[in-house]
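Student: Pasting in a structure now, in structure tokens, and then I'll have a few things to ask.
The values are calculated or read from the model by the stated rules, or taken from the named source; none is laboratory data. These numbers were taken from a predicted model, which means no experiment stands behind them. With ideal geometry, Cβ positions are generated from the backbone for all residues, glycine too; neighbour counts draw on all protein chains shown.
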Amino acid sequence: MTNRYAMRPTSQYWNAAWQGLADFRLNQGLSDPYSAECPTTRECWQYMGSEVASNGLQIHTFRHRHHPTTRERETVQVRTYGSQAISTLQLL
């Protein structure tokens, strides 16, 4: 069972989640991997929400409507444990 919630910018997980997103392979080589702003559409990464699994793993979901690398909609989940990002998954 998971519990869904909206993470606050002051949360201990906020920086870990955004750092995990910035380090994700799609964002490598971009001038600002935290936003990944598309020069054509000005779309950026958007935080969509979080959930906590029964084992304490935090799962944070982000979407991008027009990623500058793929030029497609992208959805990514960053998994954190405590204040450390441990994996980032691209969803289809």
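Student: With Ala6, Ala17 as the choices, which residue is among the aliphatic types (A, V, I, L, M) and within 12 Å of the chain's Cα centre (by Cα)? If you could, list the steps in order and put the result at the bottom.
Tutor: On the way: Ala6 fails: within 12 Å of the chain's Cα centre (by Cα).
It is Ala17.
Student: Let me ask another. Return the residue satisfying two criteria in turn: it lies in the range 1-47 and is in contact with a strand residue (DSSP E or B) (Cβ under 9 Å, 6 or more places away or on another chain) and among the basic types (Lys, Arg), and of such residues it is modelled with the highest pLDDT.
Tutor: Taking the candidates together, the pick is Arg25.
Yes or no, residue by residue, for (1) without any contact (Cβ under 8 Å) to a residue 24 or more places away in the chain; (2) outside any strand (DSSP E or B); (3) surrounded by fewer than 18 Cβ atoms within 10 Å (Cβ to Cβ):
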site: Pro9; (1), (2), (3): yes, yes, yes
site: Tyr34; (1), (2), (3): yes, yes, yes
site: Thr41; (1), (2), (3): no, yes, yes
site: Glu51; (1), (2), (3): no, no, yes
site: Asn55; (1), (2), (3): yes, yes, yes
site: Ile59; (1), (2), (3): no, no, no
site: Thr69; (1), (2), (3): no, yes, yes
site: Val76; (1), (2), (3): no, no, no
site: Leu89; (1), (2), (3): yes, no, yes
